Amino acid sequence: MNQDLLRLVDVIHRDKNIEKDIIFSGIEACLLSAARKNLGTTDDVEVTIDHESGDIVITCNGTPLDPKMLGRISALTGKQVLIQKIKEAESNTIFEDYSVKLGQVVTAQVQRFEGPNVIVNLGKTEGFLPRRQQIPGETYQPGERLKLFITEVKKSGQRVKIMLSRAHADFIRALFEIEVPEIAEAIIEIKSLAREPGYRTKIAVRSLDPKVDCVGACVGVRGARIRSIVDELNGEKIDIIKWSDSPEVLIMNSLKPAEIDAITLDYENGRAQVIVDESQLSLAIGRRGQNVRLAAKLSGWELDIVSPDKIAAGEAIDIGLIDEEDLKKKPNKKLTAEQVFGPDNDETQETDAAKEKAEDTEAATEDAPETEEDTKAETEDAPGTEEDTKAETEDAPGTEDDSEPDSAEDSGESEVKSETDDLAQCAEKAVSDAEEAVPDDEADETPQSEEPEKETIDAQPESVTDDGDETT
């Protein structure tokens, strides 16, 4: 019997990974309970077992008792105590073993389903995979082997509950540590990781050895390393980028494959405005905003993706070139160059030159000559005659024979018309001032000299209409 006892203790020790001392103490508690049940007394009862020989000694008030006297009922009572002790010891052992594996990847076999939750067999115990920790779209079959990430180990009474996950972000990190030896050896460091389970993962890596290419080491020869990880995740896409201490470079890398035009950082609020071309806007945002969300998590900045047209619209609203309400009604309205940048500089310069000439003409009119000879000289020099007017009108752009002018021709035409009107008004005012200054007798003596002047003055306004159009 003694040898059988030692052999059974050794078997339990190897199968359950329970220390022999714990098993012997459980047997002693079992015999003590059986002895008290059989004797029906609360006297001093002691049970000792020799761990080397397996001899059992039971004493009651110092009197030795034969273990065979305990009876069958007392033995069943002691058996329950022994089973409880062994289960308690086994639970403590499992808890200690898997507490060390917290944050690691284990391989398990699908055993059964409890509603949407999956129960897997870890060998010594069972694991619990809740629905929220499953990859969306995955289906499992009984007997299927899976790689799982241990997220939590806790005790529930005498049982140990091990919580597992396949959707955790650190599950990707643990898979890379298994597949890439450089990461396990701390030659390559995973600086940041962002994941949307079942769809896409972005990971930023940095090499501590300048001779090692961090991205190439993670991808492997012909993509062998990254392919095994993607296969384990059932086709989930993984983007590997190089880490940078510069926020601009990191944001630019995290938004790949989109091409970035400019980045503006707001360090106080932790926001970054990213300017991309209209053709790259959808690529930078991604499907349902997936790319920009992952890039924001990876870089640690709140990202605003905008196009140059939106920035121009905002500036135009600020300076009052367009109405904000109008822009809300028509969000896709394109702005003209004049609304964004103001009028053209060349047209502005031409308009300013015409205004200066008009001011000079008005100043000269105030100093008009009072004598008839000065008036005649100015009238002859002024380009207000019918022949000069026709010549200027023929040279000026914007005649009836011209086709639709562009914006530059309209500007030149308006300038010529403005100068012609100003000169005509100047000549007419000068002649009228001269007539008032000449006496009546001189007006009678020289009737012939005044007639051409009147014809010249009358001919001037007929050459140009009020609207600036040429008359035939």
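The values are calculated or read from the model by the stated rules, or taken from the named source; none is laboratory data. Note that the structure is predicted; figures quoted are calculated from it, not measured. Virtual Cβ from ideal backbone geometry, glycine too; neighbours counted across all protein chains shown.
I'd like to know if segment 213-232 contains one or more residues that are hydroxyl-bearing (Ser, Thr, Tyr), more than 24 Å from GLY286 (Cα to Cα) and either touching a Pro at 6+ places or on another chain (Cβ under 9 Å) or surrounded by 15 or more Cβ atoms within 10 Å (Cβ to Cβ) (or both).
As a first pass, look at segment 213-232 and keep what is hydroxyl-bearing (Ser, Thr, Tyr): 228.
Retained after the next criterion (residues that are more than 24 Å from GLY286 (Cα to Cα)): 228.
After this cut, where a residue has to be either touching a Pro at 6+ places or on another chain (Cβ under 9 Å) or surrounded by 15 or more Cβ atoms within 10 Å (Cβ to Cβ) (or both) as well, the list is none.
The answer is no; no qualifying residue exists.
Taking segment 189-286 as the region of interest, the helices (runs of 4 or more DSSP H) fully inside it that hold 1 or more residues being in contact (Cβ under 8 Å) with a residue 12 or more places away in the chain and of a type in the set (Lys, Arg) are 224-232.
Residue-level analysis places VAL180 among those that are surrounded by 18 or more Cβ atoms within 10 Å (Cβ to Cβ), aliphatic (A, V, I, L, M) and in contact with a strand residue (DSSP E or B) (Cβ under 8 Å, 6 or more places away or on another chain). Applying the condition of being surrounded by fewer than 20 Cβ atoms within 10 Å (Cβ to Cβ) and of a type in the set (D, E, K, R) to segment 187-212 and asking which residue is farthest from ALA167 (Cα to Cα) yields LYS211. Residues in segment 186-240 that are under 26 Å from the mean Cα position of the chain (by Cα) and of a type in the set (Gly, Ala, Ser): SER192, ALA194, GLY198, ALA204, SER207, GLY216, GLY235.
If VAL105 satisfies every condition in (1) in contact with a helix residue (DSSP H, G or I) (Cβ under 8 Å, 6 or more places away or on another chain); (2) under 25 Å from ASP21 (Cβ atoms) but one, which is the exception? Among (1) in contact with a helix residue (DSSP H, G or I) (Cβ under 8 Å, 6 or more places away or on another chain); (2) under 25 Å from ASP21 (Cβ atoms), the lone unmet condition for VAL105 is (2).
If only residues of segment 59-90 that are within 60 Å of the chain's Cα centre (by Cα) and acidic (Asp, Glu) are counted, the one that is nearest to ASN38 (Cα to Cα) is GLU88.
All conditions but one from (1) of a type outside the set (Ser, Thr, Tyr); (2) assigned by TED's automatic domain parsing to the domain that holds ALA34; (3) in contact (Cβ under 8 Å) with a residue 24 or more places away in the chain apply to ASN92; the one that does not is (3). Among the candidates VAL160, VAL120, VAL153, single out the residue that is buried (at least 17 other Cβ atoms within 10 Å of the Cβ), under 26 Å from VAL230 (Cα atoms) and touching a residue at least 12 places away in the same chain (Cβ under 8 Å). After applying the criteria, what remains is VAL120.
Results for (1) under 13 Å from the mean Cα position of the chain (by Cα); (2) modelled with pLDDT of 50 or more; (3) over 27 Å from CYS214 (Cβ atoms), shown as yes or no for each residue.
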residue: VAL249; (1), (2), (3): no, yes, no
residue: LYS256; (1), (2), (3): yes, yes, no
residue: GLU259; (1), (2), (3): no, yes, no
residue: GLU278; (1), (2), (3): no, yes, yes
residue: LEU283; (1), (2), (3): yes, yes, no
residue: GLY289; (1), (2), (3): yes, yes, yes
residue: VAL306; (1), (2), (3): yes, yes, yes
residue: ALA316; (1), (2), (3): no, no, yes
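Among the candidates THR63, THR59, THR77, the residue that is of a type in the set (Ser, Thr, Tyr), surrounded by 14 or more Cβ atoms within 10 Å (Cβ to Cβ) and out of contact with any Lys or Arg (no Cβ under 8 Å at 6 or more places or on another chain) is uniquely THR59.
Does GLU46 fit the bill of being surrounded by 13 or more Cβ atoms within 10 Å (Cβ to Cβ), among the acidic types (Asp, Glu) and touching a residue at least 60 places away in the same chain (Cβ under 8 Å)? Give the derivation first.
Working: surrounded by 13 or more Cβ atoms within 10 Å (Cβ to Cβ): yes; among the acidic types (Asp, Glu): yes; touching a residue at least 60 places away in the same chain (Cβ under 8 Å): no.
Spelling it out, it is not the case that GLU46 is surrounded by 13 or more Cβ atoms within 10 Å (Cβ to Cβ), among the acidic types (Asp, Glu) and touching a residue at least 60 places away in the same chain (Cβ under 8 Å).
If I filter segment 256-272 for residues that are of a type in the set (Phe, Trp, Tyr) and crowded, with 18+ Cβ neighbours inside 10 Å, do I get at least one hit? So far as segment 256-272 goes, no, none of its residues is of a type in the set (Phe, Trp, Tyr) and crowded, with 18+ Cβ neighbours inside 10 Å. Within segment 250-263, the set of residues being more than 17 Å from LEU294 (Cβ to Cβ) and out of contact with any Asp or Glu (no Cβ under 9 Å at 6 or more places or on another chain) comprises just one member, ALA262. Return the residues of segment 98-126 that are within 14 Å of LYS147 (Cβ to Cβ) and among the β-branched types (Val, Ile, Thr); say none if nothing qualifies. Matches in segment 98-126: VAL105, VAL106, THR107, VAL110, VAL118, VAL120.
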